[in-house]
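Some notes on the structure that comes next.
The values are calculated or read from the model by the stated rules, or taken from the named source; none is laboratory data. Since we're looking at a predicted model, the values are computed, not measured. All Cβ positions, glycine included, derive from the backbone under ideal geometry; neighbour counts span all protein chains shown.
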Amino acid sequence: MPRSIWTGSITFGLVTVPVGLYSATEDHGVHFHQYQRGTTDRIRYQRVNERTGEEVAFGEIVRGLEEDSGQTVIVEPAELDEIAPGRSRSIDVTTFVDLDEIDPIYFQKTYWLAPAKQENGKVYGLLAAAMEATNRVAIATFVMRNKQYLCAVRAESGVLSLETLYYADEIREPRQELDHLPERADPDGREFDMARTLIESMSAAWRPEDYRDTYTDKVKQLIEDKRAGHDVITESAPPAATDVTDLLEALRLSVEARRAS
């Protein structure tokens with residue numbers, strides 16, 4: 001049985017619901033070790049004092065921040081624990097909002113929430129049912145591993161999930177980050193009409209089970225081919241960028257191909 005990675009309580013108003021936090025996703029990618037080329041010697045990383053060159057025990061490591069003046073401020077792990085907001089073990093709900101109001105860019109990672117004990121199930125179920133009926137998600141904060149998270153708690157089919165969110169000041173402004181900003185399309189142009197037609201012809205219901213990590217499949221096949229001594233099959237190069245003079249024709253052919261299929 002999976003174990004909770006955090007335990008605490010959801011608090012809203014005067015209601016407290018003890019819960020456990022569980023990972024909702026898992027990584028199926030291939031995780032390689034590092035080796036020196038031409039050998040099977042593993043590459044290992046060590047915590048080394050850059051001045052003495054000697055390895056440092058984990059228990060002897062503290063945190064520090066070097067300032068512009070050159071001074072380094074050292075912080076002990078115990079000091080971080082003492083000022084951590086939430087040595088309280090609670091998911092503190094501040095408000096309920098409509099899920100559609102949250103821009104997907106704010107979503108970070110998903111966890112499941114479960115009643116901490118069987119006797120907590122009734123209050124948990126009531127909260128989940130009320131949230132589903134009102135199409136609301138709870139906006140809250142909680143502390144895990146010495147970090148305070150903003151989060152959204154939502155309900156679906158009687159189960160609560162918790163989505164950690166980025167804070168507003170963690171979202172980068174594209175106009176400040178992008179080297180080349182796109183030109184605005186002419187909504188009355190032929191290219192716009194053809195692009196819209198192509199999008200509509202490719203539209204379908206969201207079915208996550210239709211998608212598979214084909215890159216990981218290819219990595220596994222590469223490993224199997226090398227293990228068996230077979231030739232490695234390379235993929236074709238990615239297509240070249242569409243030239244603006246060929247855009248309308250590329251869109252037209254794409255629509256025709258979609259209709260034919």
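A few points about this structure:
- The residues in region 1-54 that are surrounded by fewer than 10 Cβ atoms within 10 Å (Cβ to Cβ) and either under 17 Å from TYR149 (Cα atoms) or polar (S, T, N, Q) (or both) can be counted, and the count is 7.
- Some residue of region 166-181 being surrounded by 13 or more Cβ atoms within 10 Å (Cβ to Cβ) and either in the same structural domain as PHE12 (by TED's automatic domain parsing) or out of contact with any helix residue (DSSP H, G or I) (no Cβ under 7 Å at 6 or more places or on another chain) (or both): yes
- Scanning region 27-68 for residues being without any contact (Cβ under 8 Å) to a residue 12 or more places away in the chain and of a type in the set (Lys, Arg) gives a total of 4.
- Among residues of region 135-165, those that are farther than 20 Å from GLY125 by Cβ and polar (S, T, N, Q), counted: 4
- Meets criteria (in contact (Cβ under 8 Å) with a residue 60 or more places away in the chain and among the hydrophobic types (A, V, I, L, M, F, W, C)) for ILE223: yes
- Only a single item in (1) touching a helix residue (DSSP H, G or I) at 6+ places or on another chain (Cβ under 8 Å); (2) surrounded by fewer than 11 Cβ atoms within 10 Å (Cβ to Cβ); (3) farther than 22 Å from GLY29 by Cβ is not met by ILE233, and it is number (3).
- Qualifying residue in region 174-189 (condition: in contact (Cβ under 8 Å) with a residue 24 or more places away in the chain and either over 27 Å from PRO2 (Cα atoms) or of a type in the set (Asp, Glu) (or both)): no
- Single residue of region 81-107 satisfying the filter (among the hydrophobic types (A, V, I, L, M, F, W, C) and touching a strand residue (DSSP E or B) at 6+ places or on another chain (Cβ under 7 Å)) that is nearest to ASN146 (Cα to Cα): ALA84
- Restricting the first member to region 192-206 and to residues that are within 18 Å of LEU248 (Cβ to Cβ) and in the same structural domain as THR242 (by TED's automatic domain parsing), and the second to residues that are of a type in the set (Ser, Thr, Tyr) and surrounded by 13 or more Cβ atoms within 10 Å (Cβ to Cβ), the beta-carbon pairs closer than 8 Å and six or more apart or on different chains are LEU198/SER254.
- When region 3-18 is limited to residues that are farther than 20 Å from VAL137 by Cβ and outside any strand (DSSP E or B), the one that is farthest from the chain's Cα centre (by Cα) turns out to be LEU14.
- Qualifying residue in region 143-165 (condition: touching a residue at least 40 places away in the same chain (Cβ under 8 Å), under 24 Å from GLY29 (Cβ atoms) and surrounded by fewer than 14 Cβ atoms within 10 Å (Cβ to Cβ)): no
- Each residue in region 19-31 was checked for being in a strand (DSSP E or B) and within 10 Å of LEU113 (Cβ to Cβ), and 4 of them qualify.
Here's the yes/no breakdown for (1) modelled with pLDDT under 90; (2) more than 30 Å from TYR211 (Cβ to Cβ):
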position	(1), (2)
MET1	yes, no
SER23	no, no
HIS33	no, no
ASN49	no, yes
THR52	no, yes
PHE58	no, yes
ALA78	yes, yes
PRO85	yes, yes
SER88	yes, yes
